[in-house]
Amino acid sequence: MDLRERCDFLPTLGLELETKIPNYLKPYYLPIIGLSLFLLIGCSETNNKYVFMTSYMDKTGRRGLYSFNEKICQDSLYLFFENGFDTDTLDVRVGDCTRNLLLDTNSILGLADFQSFGELKNTSEFSISINGSKNHRVEILDQKMNKWAISIRRDTVWITVLNNAPFYD
């Protein structure tokens with residue numbers, strides 16, 4: 001009993017069980033399937049579209065006039081999550097401590113969150129992952145590099161060391 005006999009009860013809807021590929025499409029058949037699979041897989045990946053830029057020079061233009069340097073501990077790491085966060089999930093890792101954050105930037109203050117981590121003398125780096133992206137590692141080259149500003153502009157994450165603690169009003 002062949003397939004046609006077993007499926008007699010099904011309406012055919014004008015479709016035939018055998019499909020033939022026209023001869024002029026045969027050379028393109030395999031590349032078309034490959035391209036289709038590539039597009040399906042490429043469009044289903046997680047969001048890894050962020051470019052991370054780390055600046056070890058403070059070019060923010062913030063002077064010490066409004067700083068709170070005397071009020072912060074020199075042995076702690078301070079991360080200021082500033083502009084561009086819109087219901088973003090972050091994984092921040094400093095040493096053995098990992099924090100999962102959900103951030104939204106307050107448009108009036110220009111600040112989404114502030115995190116501090118103690119005992120900087122035992123830490124030489126921290127890493128950040130945004131919305132499931134690959135971890136970006138930032139080296140702490142000097143003990144004075146304990147204040148960092150993190151912001152997002154379009155698809156770029158800017159991580160900048162700060163000479164002075166920022167003031168938000």
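Only the coordinates and a few stated rules stand behind these numbers; no lab work does. As the structure is a prediction and not an experimental result, all values here were calculated from the model. As a convention, Cβ positions derive from the backbone with ideal geometry for all residues, glycine included, and neighbour counts pool all protein chains shown.
Assorted remarks:
- Entries in 71/121; 49/147; 71/147 that, when Cα-Cα distance is taken, lie over 23 Å: 49/147
- The residues neighbouring residue 73, those whose beta-carbon lies less than 12 Å from its own, together hold a net charge of 0 under the Lys/Arg +1, Asp/Glu -1 convention.
- Among beta bridges that DSSP assigns inside region 51-161, antiparallel share in %, nearest 5: 75 percent
- Order of 148, 158 - criterion: other Cβ atoms within 10 Å of each residue's Cβ, fewest first: 158, 148
- Residue 167-residue 142 FRET efficiency (beta carbon distance; Förster radius 30 Å; 0.05 resolution): 0.85
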